[in-house]
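Each remark here refers to the structure printed beneath this line.
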Amino acid sequence: MTDAWEVTCRSPWKRPLWFFVGLGAAGASLAVVRLVFWGGRWDVVWSAGGLVLALVGVASLRGATARVSADAHGLHTRTLLRHRSVPWGEVADLRVHLKYTNTPRAQETRRISLLLRDGHKRLLPLPRSWSPQDPDFDAKLEALRALHRRYGAPESSHIPVVSHRTAGRGWAGSLSLCALLVAGAGVAAWFVPGMVSDERAWRSATPCTAGTPATERDTCLTTLPAVIARTDVNGLKQPSWLYFTGGRPLERLEVSSDAAEDFEAGDRVRLTVWRGQVREVAGAGHMWREHIPAAGEVAVMAAVFVLAAGYPGAQVLLRLRGRRLPDDEVLPSAVPFAAALAGTALWLLPLCYLHPTTLLASPGSIVWAATGSLVTVGLFVWAWRATRVRTPAATDVTEGAAEPQVTNGAAEQETEAFLAARFLEHTDYNPHGFGTHIVLGGGPPAVTPHPGPGRFAAKRIPVERLSVAGVRRARGSDGDTVPLSWHIAELDDAGEPVRLAAAPDDLVRIIRELDPAKAR
């Protein structure tokens, strides 16, 4: 497949797709004919069904007509509405675009994307794979790369894999989510001053008198007698109702389920009306009061929106910070920024609830805000340092090995150290990727499926046939199981490439045991 002079990619489900195209056309036509010649009470149902079938048909037609081909002149794509050709000289690299899904049978979707010389990126409609082990997709990818090597000049010697964890993934979605949450916070904050005013007016409202003008009765409390005819008690997700005898002063009132259970038919109650709405229902030993959202609650909601916007904002910041990295290198996690936002919430939310509009009105709130701001600054400085891009070249390797321990003049005994690390390839000392730790000391280095203590089920690493070829940061092709902060050591195992993943400091320590001459 690597010597192919021409590659053609078509959908493997052309027959089912054409079947759905015909089904969509037939359904849409039937719906139109029925609407024109018959009509009736089911017009809406037929219209909706025809529209759904038409959309399914259009989507199926797009998939059935898609085609990607490559030859000596370049790469050609054809879709339903567009034909495009790109010469190999304009293609800088071929990449794998990896997208993870939540479905149990299709955990990841792989597609091929083009990186052009001018920096633009283009996603090919075909081939497409829904499995990490797809020989047909791998063969088509290798054939396209062979043509690119023959007639072009690839920038990468390996296959770059771009996923949601790597630097090459776009940040427009995170930025849009951040802007949407900030806008929601602004809307919530806009209501706070008005709610403070309404809350104060409700607390200071007095009963209306006989001499109160009609234009001012909305600002005072009006009390009306009523008799409950019956109650309608529903669950928490449905409203409960109080019905009044004779529909006076109103037919029914929505209340909580607990209030509907407390009142009974025939109870004489007093309704308190304020600003044209019933705010209280008081009877013999029972009272219901409408919940008026406090300004502090809305201020807390606005603060929550702002804090929630901080996480996608941190993701955008990390992508901008790693913009000079290769597109397939894994970026640090934004979890430290999430921890900083959670620490900020501990002091900001109570402050917003107690002082929604008077944050700087008292010495206590000023000290509270100033102290919390200093804590937040410290947390974000820590998060900034924790998410820095740590390249293998910046990793310092200490001279010499760890000193052996001597106890009571006895012989030197080196203690065992279990380091979290894993080989990414299946080998005789790591069958089926069973190893999760590497044990050093107390014997030869070995792979274990547990963090110790003891060497139960450990398999010795053949140090004599391993050599270190290099150390690099994690890439998208290393898989989603490698933590974002780990580095990858590329080893040579008697001519076979093997990858070892571990935290930077632990990896240096392991390399010193595997290949002391190349520890640097």
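The values are calculated or read from the model by the stated rules, or taken from the named source; none is laboratory data. All values reported here derive from a predicted model rather than from experimental measurement. Using ideal geometry, Cβ is built from the backbone for each residue, glycine included, and neighbour counts are taken over all protein chains shown. For the accessible areas, the whole protein counts, side chains as well, though only heavy atoms, and no ligand, DNA or RNA atoms are used. Shrake-Rupley method; radii C 1.70, N 1.55, O 1.52, S 1.80 Å.
Key figures for this structure:
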read-out	value
For segment 315-376 and segment 289-303, distance of Cα centres in Å	22 Å
Efficiency of FRET from Cβ geometry, Asp71 and Trp18, R₀ 25 Å, rounded to 0.05	0.40
The chain, accessible area per residue, ligands and nucleic acids excluded (1.4 Å, Å²)	57 Å²
Carbon/sulfur fraction of accessible area - segment 272-330, other protein chains in place, 1.4 Å, %	58 percent
Long-range amide H partners of Arg279 with built H, under 5 Å	Thr272, Val273, Trp274
Theoretical gain in end-to-end length, Lys99 to Leu30 [0.36 nm per residue, Cα-Cα removed]	21.0 nm
Cα centroid of segment 186-204 to Cα centroid of segment 150-168, whole Å	55 Å
Inter-label distance for Leu80 and Arg149, nm, one decimal - labels placed 7 Å from Cα along Cα-to-Cβ	3.8 nm
Entry for volume of the Cα convex hull per residue in Å³ (calculated from the structure that is shown) out of [x] 178; [y] 193; [z] 308	[z]
Total formal charge among the other residues, if their Cβ is under 11 angstrom from that of Pro132, Lys/Arg +1 and Asp/Glu -1	-3
Partner aspartates and glutamates for Lys459 [C-alpha distance under 12 Å; skip if fewer than 8 residues away on the same chain]	Asp428
Gain upon complete extension [Leu180, Leu51; 0.36 nm per residue less C-alpha separation]	43.3 nm
Charge context of Thr209, other residues only, Cβ under 13 angstrom, K/R +1, D/E -1	0
Placed amide H near Arg475: partners under 5 Å, 5+ positions off or other chain	Val330
FRET efficiency for Asn234 and Ala294, using Cβ-Cβ distance with R0 set to 25 Å, rounded to 0.05	0.45
Between helix 43-65 and the chain: long-axis angle, C-alpha atoms, 0 to 90°, nearest 10	10 degrees
Violating pairs (Cα-Cα greater than 25 angstrom) within the set Lys14/Lys121; Lys14/Lys140; Lys99/Lys121	Lys14/Lys121
The chain: angle of helix 335-354 to the longest principal axis, Cα-based, in degrees nearest 10	10 degrees
No Cys partner within the rule (Cβ under 4.7 Å), the chain	Cys9, Cys178, Cys352
Value at 222 nm in deg cm²/dmol, rounded to 500, when DSSP H runs of n ≥ 4 in the chain each add -39,500 (n - 2.57)	-12500 deg cm²/dmol
Angle in degrees between helix 14-37 and the longest Cα principal axis of the chain, rounded to the nearest 10	20 degrees
Distant-in-sequence amide H partners of Ala92 (H built 1.01 Å from N, under 5 Å)	Leu115, Leu116, Arg117
Cα-projected label distance for Ser373 with Arg268, points at 7 Å along beta-carbon direction, nm	6.0 nm
Net lengthening on full extension, His164/Tyr353 (0.36 nm per residue, minus Cα-Cα)	64.4 nm
Virtual spin-label span in nm between Arg62 and Leu484, 7 Å along Cα→Cβ	3.1 nm
